[in-house]
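This report concerns only the one structure given below.
The values are calculated or read from the model by the stated rules, or taken from the named source; none is laboratory data. Please read all numbers here as calculations on a predicted model, not as lab measurements. Cβ coordinates were reconstructed from backbone atoms using ideal geometry, including for glycine residues, and neighbour counts include every protein chain displayed.
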Amino acid sequence: MNLLEVKAVSKTYGSGETAVYALKKASFSVPKGEFVAIVGESGSGKSTLLNLIGGLDTPTSGKVYISKRNLFEMKEENLTVFRRRNIGFIFQSFHLIPELNVEQNIIFPVLLDYQKPDKKYLEEILEVLNLKERRHHLPNQLSGGQQQRVAIGRALITRPALILADEPTGNLDSQNSSEVIALLKKASRKYEQTIVMITHSLSIAQTADRILKVSDGVVSDFGRCRE
């Protein structure tokens, strides 16, 4: 079953001679549990694509379905709730709340939704991400790799159908990058998460199940990677 369906999605900024075609009729689908990497040069349109998939931006034309729901037929308030409950975001710059410790940062999306955290699931996430000994540390007491693990935990805590990762290793050294990608793959397998990740690194992209390339706003499918 396809969890994500992108159908003829285009994004244009401006009009006439000054129009910039950031994305041109992108179409592809991602089955539940697949880990997809998106590669492309800076300015190719891959960040625009990720923002559209996440409902953070509106396409000029086309449709995006997550779990058979058309994102852009929802009212803004409903889309905000749907996004919070169904999409986990992992950013290059972590975006942790400096006043909150590791545990508090992870459960923040659940509290934002006026829900109670699943304590058993929280403990499992802390274990998987090797953060149990750091649960009471503030972000400024953590390494870059540890902060990114917290960001992954925050993305997992709501059990979202889809995780979108925007250059999750961009601020990390090679060792931490490898660890973060390994953790994403582990989460994908263990929790059957569907992951779409942007990366500049072809070697990192090759650890995914499948690679998409964006070039001048056009999306091409490079096919499945070898195990």
Suppose we keep only residues that are crowded, with 16+ Cβ neighbours inside 10 Å and among the aliphatic types (A, V, I, L, M) within the stretch 4-18. Which one would you say is farthest from residue 52 (Cα to Cα)? 4
Which one of 64, 30 is farther than 25 Å from residue 182 by Cβ and either out of contact with any strand residue (DSSP E or B) (no Cβ under 7 Å at 6 or more places or on another chain) or at pLDDT 95 or above (or both)? 64
Pairs, please: C-beta under 7 Å, at least 6 apart or cross-chain, first residue closer than 18 Å to residue 205 by Cα and in the stretch 40-59, second at pLDDT below 90 and of a type outside the set (Gly, Ala, Ser)? none
What are the residues in the stretch 1-36 that are under 19 Å from the mean Cα position of the chain (by Cα), within 20 Å of residue 57 (Cα to Cα) and among the small types (Gly, Ala, Ser), if any? 26, 27, 29
In the stretch 143-157, is there at least one residue being farther than 20 Å from residue 98 by Cβ and modelled with pLDDT of 85 or more? yes
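Conditions tested, residue by residue: (1) exposed (fewer than 15 other Cβ atoms within 10 Å of the Cβ); (2) of a type in the set (Lys, Arg); (3) closer than 24 Å to residue 209 by Cβ; (4) out of contact with any helix residue (DSSP H, G or I) (no Cβ under 6 Å at 6 or more places or on another chain).
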site: 1; (1), (2), (3), (4): yes, no, yes, yes
site: 20; (1), (2), (3), (4): yes, no, no, yes
site: 23; (1), (2), (3), (4): no, no, yes, no
site: 73; (1), (2), (3), (4): yes, no, no, yes
site: 78; (1), (2), (3), (4): yes, no, no, yes
site: 84; (1), (2), (3), (4): no, yes, no, yes
site: 88; (1), (2), (3), (4): no, no, yes, no
site: 99; (1), (2), (3), (4): yes, no, no, yes
site: 105; (1), (2), (3), (4): no, no, no, no
Here the residues within the stretch 55-71 that are surrounded by 17 or more Cβ atoms within 10 Å (Cβ to Cβ), at positive phi and assigned to a loop (DSSP other than H, G, I, E, B) are 55
Any residue in the stretch 67-79 that is over 21 Å from residue 32 (Cβ atoms) sitting within a Cβ distance under 7 Å of a residue that is exposed (fewer than 15 other Cβ atoms within 10 Å of the Cβ) and of a type outside the set (D, E, K, R)? List the pairs, counting only those 6 or more apart or interchain. 72/58
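Go through the residues of the stretch 11-32 one by one and say whether even a single one is in contact with a Pro (Cβ under 7 Å, 6 or more places away or on another chain) and over 22 Å from residue 185 (Cα atoms).
Checking the stretch 11-32: at least one residue is in contact with a Pro (Cβ under 7 Å, 6 or more places away or on another chain) and over 22 Å from residue 185 (Cα atoms).
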Search result, residues across the stretch 1-54 that are part of a helix (DSSP H, G or I), of a type outside the set (Ser, Thr, Tyr) and more than 18 Å from residue 164 (Cα to Cα): 16, 17
Would it be correct to say that residue 184 is under 18 Å from residue 4 (Cβ atoms), at pLDDT below 90 and of a type in the set (A, V, I, L, M, F, W, C)? yes
Which one is nearest to the chain's Cα centre (by Cα) among residues in the stretch 45-77 that are among the charged types (D, E, K, R) and under 18 Å from residue 24 (Cβ atoms)? 46
Evaluation of residue 125 against (1) assigned to a helix (DSSP H, G or I); (2) touching a residue at least 40 places away in the same chain (Cβ under 8 Å) (one fails), failing number: (2)
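State whether one or more residues within the stretch 101-113 are within 23 Å of residue 47 (Cβ to Cβ) and within 21 Å of the chain's Cα centre (by Cα).
yes
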With the checklist (1) within 23 Å of residue 31 (Cβ to Cβ); (2) touching a Lys or Arg at 6+ places or on another chain (Cβ under 9 Å); (3) of a type in the set (D, E, K, R) in hand, flag the one item residue 185 doesn't pass. (2)
